[in-house]
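Structure record follows, encoded as structure tokens.
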Amino acid sequence: MIKIRDLKKSFKTKIVLDGVNLDIEKGKITVIIGRSGEGKSVFIKHIIGLIKPDSGHIYLDDKDIVSLSESEHSSILKRFGMLFQGAALFDSMTVAENVGFPLREHTGLSSKDILTTVKEKLRRVGLVGIEDLMPAELSGGMKKRVGLARAIIMDPEVVIFDEPTTGLDPVMSANIGELMLDTQKALKTTYIAITHDIALTFRVADYVAMLHEGRIIAEGTVEEIKNNPNPILQQFLTGSTKGPLQVT
Amino acid sequence: MKDFLESLGKKVEDALLTAGRIGIIFGQVCHLAFTPPFKLRNIFRQMEFVGVNSLFIVLLTGSFTGMVLAMQSYIALNKFGAESLVGTTVALSMTRELGPVLTGLMVTGRAGSAMATELGTMRVSEQIDALYTMAINPVKYLIVPRVIAGVLMLPILVIVADLVGIAGGYLIGVNMLDINSGVYMARTEEYLQMSDIFNGLIKAAVFGLLISLSACYQGFNAKGGAEGVGKCTTQAVVMGSVMVLISDFLLTTFMF
């Protein structure tokens with residue numbers, strides 16, 4: 001569904017993406033792993049168009065979305081949903097207003113219909129009766145779940161997750177993982193997640209790719225990744241301090 | 001000497017880059033302001049924030065400035081036996097200069113700083129990116145209503161500042177300085193032209209544009225965490241105030 005070809009991006013003299021190639025299959029959960037600062041966020045921001053690459057191509061259903069005009073790209077964006085690392089909920093809006101925001105902006109639905117859809121999506125992520133709370137009143141895990149409800153409110157074809165479990169306790173992380181699996185199965189959506197949470201990766205991923213020094217150095221199913229002899233990958237998976245990955 | 005020139009060159013380059021970027025945002029705002037859909041609710045909310053919520057501070061500033069102006073001008077005019085012109089001095093100073101400039105500076109400090117802080121916080125917490133990913137143009141959604149509110153509300157606030165300033169001057173002139181009420185008003189009406197008021201209002205609209213644009217620009221370009229937001233707020237107030245003062249000089253020269 002999404003093909004990334006020779007994607008390159010530098011910021012001043014720092015090369016962040018150095019020719020990334022990756023195929024993301026439709027209706028599957030693809031997880032991109034890698035150390036902090038390896039450009040995972042930069043990579044997914046390219047997919048959704050928040051950052052333009054220096055060179056390379058991103059094909060969505062064989063259409064190169066890198067060269068699209070602003071208005072064409074705007075219509076493509078409606079096929080995407082995104083859960084940000086800090087959830088990125090709007091501080092000035094209630095939970096219901098946050099989740100229903102895309103519907104209010106892009107559809108002619110009545111307030112009553114929007115609220116019904118909002119409640120249904122919130123129920124899907126395990127939240128009931130919090131529609132009138134403000135984001136500041138929510139815990140980290142609740143914010144992520146509200147963020148997920150907002151990301152799927154328009155029934156997008158692709159949902160992107162930026163570090164979905166960062167800052168959460170292990171139980172809440174596992175809960176987010178289950179929600180990802182449940183919602184993906186129910187909605188048949190393509191999920192792309194970036195994380196350095198190995199437990200989450202093994203729990204949810206259909207396909208895993210590791211980004212290191214601007215390139216994909218290993219990819220495959222969870223089993224293939226576990227059995228891949230690449231020393232960088234294995235050190236990352238085991239969390240060892242000894243190996244080619246140095247702590248700087 | 002070489003270092004000094006280098007640092008000067010860098011500052012000039014940065015200033016030109018900033019001016020260029022603000023120019024680009026201004027161009028986008030002009031285009032998007034007339035592109036449907038029109039979110040009137042957002043515009044009214046910003047008008048309330050910039051205008052209604054600034055009313056108290058403008059009333060305070062305007063009235064006290066008018067009163068002080070009456071006392072100070074009385075000292076000078078008394079030396080020439082021209083006390084009756086205190087009202088004229090107050091009215092002309094308020095409408096042409098002090099009303100717009102002081103209101104501009106007050107709105108920069110109150111609303112401009114708040115705009116920069118809000119947008120800066122939205123930037124660093126990825127809320128602006130979130131808008132983009134929801135196919136909502138952040139410039140149209142966040143900057144256009146604020147700029148429209150600035151351009152529309154500053155002139156209204158200046159009318160208020162002018163009125164209370166003149167009223168403050170009248171109170172001091174008539175009650176404290178013993179100037180005849182009729183003479184005070186007659187002189188004011190005699191010399192105050194509609195063009196004086198309009199010149200002030202044109203200045204106010206330009207100030208509103210510059211204050212909101214610089215605040216939004218700084219907020220949109222905030223980087224880092226809380227420190228970045230604090231920095232962008234400070235820069236918004238400094239930039240807004242400097243732009244008010246420089247544009248005041250240019251507009252006064254042009255409309256003199």
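The values are calculated or read from the model by the stated rules, or taken from the named source; none is laboratory data. What you are looking at is a predicted structure, and each value in this text was computed from that prediction instead of being measured. All Cβ positions, glycine included, derive from the backbone under ideal geometry; neighbour counts span all protein chains shown. Surface areas here come from the heavy atoms of the whole protein model, side chains and all, with no ligands, DNA or RNA. Shrake-Rupley method; radii C 1.70, N 1.55, O 1.52, S 1.80 Å.
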Practice task
For A:Val31, list long-range residues whose amide hydrogen, built 1.01 Å from N in the peptide plane, is under 5 Å from its own amide hydrogen.
Solution key: A:Ala193, A:Asp206, A:Tyr207, A:Val208, A:Ala209
Handout entry: Equivalent ellipsoid semi-axes - Cα gyration tensor, the protein assembly as shown, angstrom
Key = 57, 25, 19
Practice task
Please give every one of the aspartates and glutamates within straight-line cross-link reach of A:Lys119, meaning a C-alpha to C-alpha distance under 13 Å, and leave out same-chain neighbours fewer than 8 residues apart.
Solution key: A:Glu97, A:Glu131, A:Asp132
Exercise for the section: Return the FRET efficiency for the residue pair B:Thr252, A:Thr107: r is the Cβ-Cβ distance, R0 is 60 Å, and the value is rounded to the nearest 0.05. Expected result: 0.75
Practice task
Quick one: check the C-alpha center-to-center distance for the range B:179-223 versus the range A:119-194, whole angstrom.
Solution key: 50 Å
Problem - Computed helical MRE - 222 nm, chain B, DSSP H runs ≥ 4 contributing -39500 (n - 2.57), nearest 500 - result: -26500 deg cm²/dmol
Completion exercise
So, over other residues within a Cβ distance under 13 Å of A:Val20, counting Lys, Arg +1 and Asp, Glu -1, the net charge is 0
Exercise for the section: Output the relative contact order of chain A, whole-number percent, from Cα pairs under 8 angstrom with separation of 6+ residues. Expected result: 26 percent
Problem - Selected from A:Ile153, A:Ile44, A:Ile130 as most flexible by GNM, with chain A as the system and alpha-carbon contacts under 10 Å - result: A:Ile130
Completion exercise
Scalar couplings 3J(HN,Hα) for the range A:53-59 by Karplus 6.51 cos²θ - 1.76 cosθ + 1.60 (θ = phi - 60°), nearest whole Hz, x for Gly and Pro, are x, 6, 7, x, 9, 10, 9
Practice task
Would you tally the net charge around A:Ser55, using a Cβ to Cβ cut-off of less than 15 Å, leaving A:Ser55 out, and scoring K and R as +1, D and E as -1?
Solution key: +1
Practice task
Just check the range A:58-201 against the gyration tensor rule for me: Cα atoms, a ≥ b ≥ c as the square roots of the eigenvalues, rounded for a/c under 1.5, and otherwise prolate or oblate depending on whether a/b exceeds b/c.
Solution key: oblate
Fill in the blank from the handout: Calculated from DSSP helices alone, with each H run of at least 4 adding -39500 (n - 2.57) and the total divided by the residues of chain A, [θ]222 nm to the nearest 500 comes to -11500 deg cm²/dmol
Exercise for the section: Sort B:Val174, B:Val183 from largest to smallest accessible area, using a 1.4 Å probe on the heavy atoms of the protein chains. Expected result: B:Val183, B:Val174
Exercise for the section: Could you go through the range B:182-196 in sequence order and give the Karplus-derived ³J(HN,Hα) for each residue, using 6.51 cos²θ - 1.76 cosθ + 1.60 with θ = phi - 60°, rounded to whole Hz, and x for Gly and Pro? Expected result: x, 5, 4, 5, 4, 5, 4, 5, 5, 9, 7, 9, 4, 5, 5
Practice task
First check a/c for the range B:39-250, with a ≥ b ≥ c the square roots of the eigenvalues of its C-alpha gyration tensor; if it is under 1.5, answer rounded, and if not, answer prolate when a/b is larger than b/c or oblate otherwise.
Solution key: prolate
Practice task
Compute the relative contact order of the range A:11-144 as a whole-number percentage, counting only Cα pairs closer than 8 Å that sit 6 or more residues apart in sequence.
Solution key: 18 percent
Handout entry: Mean separation of Cα contacts under 8 Å (6+ apart) over length of chain B, as relative contact order %
Key = 31 percent
Handout entry: J(HN,Hα) series, the range B:102-114, from Karplus relation 6.51 cos²θ - 1.76 cosθ + 1.60, nearest Hz, glycine and proline x
Key = 5, 4, x, 5, 5, 5, 4, x, 8, 7, x, 5, 5
Exercise for the section: May I ask which of A:Lys8/A:Lys45; B:Lys11/B:Lys140; A:Lys78/B:Lys223; A:Lys8/A:Lys52 have a Cα-Cα span longer than 20 Å here? Expected result: B:Lys11/B:Lys140; A:Lys78/B:Lys223
Practice task
Report the accessible area of B:Lys231, computed with a 1.4 Å probe over the heavy atoms of all protein chains in place, in Å² rounded to the nearest 10.
Solution key: 120 Å²
Problem - Of B:Gly109, B:Gly62, B:Gly224, the one that fluctuates the most in a GNM where chain B has Cα springs shorter than 10 Å - result: B:Gly224
Completion exercise
Taking a ≥ b ≥ c as the square roots of the eigenvalues of the Cα gyration tensor, with a/c under 1.5 meaning rounded and otherwise prolate when a/b exceeds b/c and oblate if not, the range B:84-182 is prolate
Problem - Per-selection Kirkwood Rh - chain A (Cα, Å, 1 d.p.) - result: 18.8 Å
Problem - Distant-in-sequence amide H partners of A:Ala218 (H built 1.01 Å from N, under 5 Å) - result: A:Met210
Practice task
Count, for each residue of B:130-142, the Cβ atoms from other chains sitting within 10 Å of its Cβ, then give me the mean as a whole number.
Solution key: 6
Practice task
Would you tell me the accessible area of B:Tyr184, worked out with a 1.4 angstrom probe on the heavy atoms of the protein chains, in Å² to the nearest 10?
Solution key: 0 Å²
Exercise for the section: Starting from the amide H of A:Gly19, placed 1.01 Å from N in the peptide plane, find each other amide H under 5 Å away whose residue is 5 or more places distant or on another chain. Expected result: A:Leu7, A:Lys8, A:Lys9
Problem - Antiparallel DSSP beta bridges within chain A, percent to nearest 5 - result: 55 percent
Problem - Highest-fluctuation residue, A:Ile33, A:Ile176, A:Ile232 considered, GNM on chain A with Cα pairs under 10 Å - result: A:Ile232
